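Here is the structure we will look at.
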Amino acid sequence: MSTEPSSRTVPTTPDPESAPRFGVWLIGARGSVATTAVAGCAAVAAGLHPPTGMVTETTPFTDSGLPPLTSLVFGGHDTVDCPLPKRAEHLAAGGVLPHGLPAAVHAELAAADREIRPGGPLSGTDDDRTSDALVEAFAEDLTDFVRRHDLAGAVVVNVASTEPAPTDGSLPPSSLYAAAALRAGCPYVNFTPSTGLHHPDLAELAATAPVPHAGRDGKTGQTLLRSVLGPMFLQRALDVRAWSGTNLLGGGDGAALADPAAAAAKNAGKERVLADTLGSAPEGEVHIDDVPALGDWKTAWDHIAFDGFLGARMVLQTTWQGCDSALAAPLVLDLARLLLRARAVGLTGPRPELGFYFKDPDQGATSSLGEQYAALTDFASRLRGQE
Ligand SMILES: NC(=O)c1ccc[n+]([C@@H]2O[C@H](COP(=O)([O-])OP(=O)(O)OC[C@H]3O[C@@H](n4cnc5c(N)ncnc54)[C@H](O)[C@@H]3O)[C@@H](O)[C@H]2O)c1
């Protein structure tokens with residue numbers, strides 16, 4: 001299997017009468033990443049935009065049996081009620097979505113909006129449901145969605161606000177949704193650093209799940225760069241003395257990460273990539289600053305102090321300026337398609353082959369991006385071979 005970067009394939013249009021359809025259930029369905037994924041899927045499926053940033057639209061995935069974009073039906077949970085078409089207009093005003101796109105895909109946004117159910121627990125209300133009652137209610141929403149649309153399967157993707165790691169042993173919302181996904185027989189993806197299936201009470205369920213799952217925390221910017229540069233320093237036998245990083249971002253993610261406990265969950269993943277690729281954690285920290293004026297745009301600086309031959313002291317500095325939702329949304333679509341296909345061919349449990357997509361991948365994944373890409377393309381072959 002070649003691991004060369006490859007050209008895009010032309011999307012095929014299935015016969016809408018007979019082709020199976022698949023659900024993508026987004027936790028945090030009214031957020032920036034979710035809205036960009038729904039709008040982007042409709043835009044690419046309609047041929048309005050090329051699938052730039054979608055790895056599953058490249059040659060190694062051509063015959064992997066992935067569900068086409070035209071077959072995906074969206075729904076989800078959220079705790080706010082801003083309609084998706086309105087959310088998309090805000091994103092277009094902020095330059096995240098192209099001008100005119102919300103109008104062009106209004107029907108698809110409105111259809112997804114009708115499939116969003118109230119999440120939980122709902123703060124500021126008298127929502128006193130127990131954890132098990134919430135899991136049951138979420139699972140019922142999912143099975144109802146699958147039944148009403150006569151779907152061949154559905155995948156749950158967590159793109160809700162980052163939550164702090166739990167401190168009292170109780171299941172946080174992300175874990176309730178993850179448990180609900182498994183209860184409803186749906187594959188699960190955790191695109192956030194939140195706990196999800198990584199809770200001790202869910203460890204056995206995660207290990208023995210009869211469906212595939214993958215996580216956690218999408219790797220879209222600073223950590224993506226780190227997973228390329230870390231192995232470079234190691235392979236060139238250069239001695240990294242310190243690696244420091246600062247991020248400025250706004251939007252809902254910036255606001256959520258202004259909470260030090262939520263930021264700690266995010267930064268742990270960024271620092272882990274360095275320890276894993278370099279063999280030990282270098283000196284230096286990562287900081288995240290909430291700058292609301294930046295909206296969905298992020299600037300990330302890294303400062304890497306390293307030694308060369310005979311102790312020569314050198315520095316590499318990088319500046320990453322990214323549109324976070326535009327980086328994340330195509331990966332959400334990739335992961336949804338890969339997990340739906342993995343489920344269809346009978347794969348179960350954690351899928352470290354998808355470590356390419358995550359800051360904190362499942363046990364067994366390598367940490368250098370090149371090796372992760374090779375594992376991903378091998379996985380694409382495996383999906384193909386299991387018709
Ligand atoms: N954009 C990226 O590049 C990137 C990369 C990695 C991870 N992520 C993660 O993706 C997530 C989403 O990012 P975003 O920019 O879309 O954030 P956002 O703030 O725009 O959206 C989050 C959504 O989650 C909803 N939500 C909060 N609590 C909920 C609950 N209990 N149940 C259901 N919904 C709930 C919010 O109402 C909101 O609509 C964040 O956790 C972020 O850290 C993003």
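Looking at region 81-90, can you tell me whether even one residue there is open to solvent by 50 Å² or more (accessible area, probe 1.4 Å), in a loop (DSSP other than H, G, I, E, B) and among the hydrophobic types (A, V, I, L, M, F, W, C)? Within region 81-90, none of the residues are open to solvent by 50 Å² or more (accessible area, probe 1.4 Å), in a loop (DSSP other than H, G, I, E, B) and among the hydrophobic types (A, V, I, L, M, F, W, C). Scanning region 307-331 for residues that are open to solvent by less than 50 Å² (accessible area, probe 1.4 Å) and in contact with a Phe, Trp or Tyr (Cβ under 6 Å, 6 or more places away or on another chain), we see that the one that is modelled with the highest pLDDT is 331.
The residues of region 188-208 that are away from the ligand (no atom under 16 Å from the Cβ) and of a type in the set (A, V, I, L, M), listed by number, are 202, 203, 205, 206, 207.
Would you confirm whether or not region 263-281 contains a residue that is open to solvent by 60 Å² or more (accessible area, probe 1.4 Å) and touching a strand residue (DSSP E or B) at 6+ places or on another chain (Cβ under 8 Å)? Yes, the conditions are met somewhere in region 263-281. Note on region 28-51: residues that are part of a loop (DSSP other than H, G, I, E, B), more than 17 Å from residue 190 (Cα to Cα) and under 19 Å from the mean Cα position of the chain (by Cα) amount to 1. Checked against the criterion of being surrounded by fewer than 24 Cβ atoms within 10 Å (Cβ to Cβ) and modelled with pLDDT under 95, region 19-31 contains one or more residues that satisfy it.
Of all residues in region 73-94, those that are over 17 Å from residue 159 (Cα atoms) have Cβ atoms under 7 Å from Cβ atoms of residues that are more than 9 Å from the ligand (Cβ to nearest atom) and open to solvent by 60 Å² or more (accessible area, probe 1.4 Å), 6 or more apart or on another chain, in 85/106; 92/99. Quick check on residue 111: is it in contact with a helix residue (DSSP H, G or I) (Cβ under 8 Å, 6 or more places away or on another chain) and modelled with pLDDT of 95 or more? Taking the combined requirement at face value, the residue does not satisfy it. Taken together, the residues in region 309-368 that are within 19 Å of residue 222 (Cβ to Cβ) and in a strand (DSSP E or B) amount to 10. Scanning region 20-48 for residues that are away from the ligand (no atom under 15 Å from the Cβ) and of a type in the set (Gly, Ala, Ser) gives 23, 42, 43, 45, 46, 47.
Among the conditions (1) closer than 26 Å to residue 38 by Cβ; (2) at pLDDT 95 or above; (3) in a strand (DSSP E or B), residue 298 misses just one, which is (2). Residues in region 195-241 that are within 20 Å of residue 298 (Cα to Cα) and open to solvent by less than 10 Å² (accessible area, probe 1.4 Å): 217, 218, 219, 221, 222, 223, 226, 227. The set of residues in region 192-249 being among the polar types (S, T, N, Q) and more than 22 Å from the chain's Cα centre (by Cα) consists of 208, 235, 244.
With respect to the conditions (1) away from the ligand (no atom under 13 Å from the Cβ); (2) in a helix (DSSP H, G or I); (3) open to solvent by less than 20 Å² (accessible area, probe 1.4 Å), residue 293 falls short on a single one, namely (3).
Among the residues of region 52-87, those identified as more than 12 Å from the ligand (Cβ to nearest atom) and touching a Pro at 6+ places or on another chain (Cβ under 7 Å) are 54, 57, 68, 69, 70, 71, 85.
Being within 30 Å of residue 294 (Cα to Cα), part of a helix (DSSP H, G or I), out of contact with any strand residue (DSSP E or B) (no Cβ under 9 Å at 6 or more places or on another chain) and touching a residue at least 60 places away in the same chain (Cβ under 8 Å) is a condition met by no residue of region 229-238. Which members of region 44-67 meet the condition of being more than 19 Å from residue 376 (Cα to Cα) and among the aliphatic types (A, V, I, L, M)? Those that are more than 19 Å from residue 376 (Cα to Cα) and among the aliphatic types (A, V, I, L, M): 44, 45, 46, 48.
Of everything in region 138-166 that's in a helix (DSSP H, G or I) and buried (at least 19 other Cβ atoms within 10 Å of the Cβ), which residue is nearest to the ligand (Cβ to nearest atom)? Explain how you work it out, then say what you get.
Taking region 138-166 first, the residues in a helix (DSSP H, G or I) are 138-148.
Adding the requirement that they be buried (at least 19 other Cβ atoms within 10 Å of the Cβ) leaves 138-139, 141-142, 145-146.
Working: 138: 9, 139: 14, 141: 11, 142: 13, 145: 15, 146: 19 Å.
Going through the qualifying residues, I end up with 138.
The values are calculated or read from the model by the stated rules, or taken from the named source; none is laboratory data. None of these values were measured; they are calculated from a predicted model. All Cβ positions, glycine included, derive from the backbone under ideal geometry; neighbour counts span all protein chains shown. Accessible surface areas use protein heavy atoms only, side chains included; no ligands, DNA or RNA. Shrake-Rupley method; radii C 1.70, N 1.55, O 1.52, S 1.80 Å.
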